[in-house]
1. Looking only at the range 62-91, filter to residues that are part of a helix (DSSP H, G or I) and under 12 Å from Ile3 (Cα atoms); which one of those is most open to solvent (accessible area, probe 1.4 Å)?
2. Just one of Ala99, Ala59, Ala94 is surrounded by 21 or more Cβ atoms within 10 Å (Cβ to Cβ), over 14 Å from the mean Cα position of the chain (by Cα) and modelled with pLDDT of 95 or more; which is it?
3. Is it fair to say Ile105 is open to solvent by 30 Å² or more (accessible area, probe 1.4 Å) and in contact with a helix residue (DSSP H, G or I) (Cβ under 6 Å, 6 or more places away or on another chain)?
4. Cβ-Cβ under 8 Å, sequence separation 6+ or interchain: first residue in the range 118-141 and free of Cβ contacts under 8 Å to residues at least 12 places away in the same chain, partner loosely packed, with under 15 Cβ neighbours inside 10 Å. Which pairs?
5. Check the range 23-40 and report whether any residue there is in contact with a Phe, Trp or Tyr (Cβ under 8 Å, 6 or more places away or on another chain) and of a type in the set (Ser, Thr, Tyr).
6. List, please: which pairs have Cβ atoms under 9 Å, are six or more places apart or on different chains, and start with a residue in the range 87-102 that is under 18 Å from Ile10 (Cα atoms) and small (Gly, Ala, Ser) and end with one that is modelled with pLDDT of 95 or more and open to solvent by 20 Å² or more (accessible area, probe 1.4 Å)?
7. Got at least one residue in the range 62-76 being within 20 Å of Ile97 (Cα to Cα), in contact with a His (Cβ under 9 Å, 6 or more places away or on another chain) and at pLDDT 95 or above?
8. State which residue is modelled with the highest pLDDT when the search covers only the range 37-56 and only residues that are of a type in the set (Asp, Glu) and over 18 Å from Leu89 (Cβ atoms).
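The values are calculated or read from the model by the stated rules, or taken from the named source; none is laboratory data. Worth saying up front: this structure is predicted, and the values here are computed from it rather than measured. Using ideal geometry, Cβ is built from the backbone for each residue, glycine included, and neighbour counts are taken over all protein chains shown. SASA here: full protein model, heavy atoms, side chains in, ligands and nucleic acids out. Shrake-Rupley method; radii C 1.70, N 1.55, O 1.52, S 1.80 Å.
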Amino acid sequence: MTINQIQDEIIEEFSALDDWMDRYALIIEMGNALPPMRAEDKTPQNIIEGCQSRVWITAQLLPDGRVHFEGESDAIIVRGIVSLLLRVLGDQPASDIVAADLYFIREIGLSDHLSPTRSNGLVSMLRQMKLFAAAFVAQSS
């Protein structure tokens, strides 16, 4: 699936839920389903700066040009947000990640329902994932 197809799927899942408590519950459920990172990947160099809670994200360029991300957070809602970002951007071509407009964040109302510090964290996570992808694009050029 493409990045936009995955975003559309997420928008559809969230549109079935009118109440933001139900949407938070879905985000928490997604976070609970996120596989744990290996302890050796939870290093200071993998921490995302700008997040209130601790968030780790790693990226690996696959032989076919796709980027595989792993991530985790010590905060349950943030862990769900990490899960959403990994679902949308994970295993996508690096050039597609760099060019992606992540409109699902706006469409599901996530940016309107996060505290300012969590919103900053979301921006920081997204920026780091795009920087990883941009570095892989530059490396393969």
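1. Checked the range 62-91; the qualifying residue most open to solvent (accessible area, probe 1.4 Å) is Arg87.
2. Criteria check complete, one pass: Ala94.
3. Considered against the rule, which asks whether it is open to solvent by 30 Å² or more (accessible area, probe 1.4 Å) and in contact with a helix residue (DSSP H, G or I) (Cβ under 6 Å, 6 or more places away or on another chain), Ile105 comes out as no.
4. Partner pairs satisfying both residue conditions: Ser119/Ser111.
5. Checking the range 23-40: not a single residue is in contact with a Phe, Trp or Tyr (Cβ under 8 Å, 6 or more places away or on another chain) and of a type in the set (Ser, Thr, Tyr).
6. Gly90/Arg66; Gly90/His68; Gly90/Glu70; Ala100/Asn4; Ala100/Lys130
7. Looking through the range 62-76, at least one residue is within 20 Å of Ile97 (Cα to Cα), in contact with a His (Cβ under 9 Å, 6 or more places away or on another chain) and at pLDDT 95 or above.
8. Ranking the candidates gives Glu40 first.
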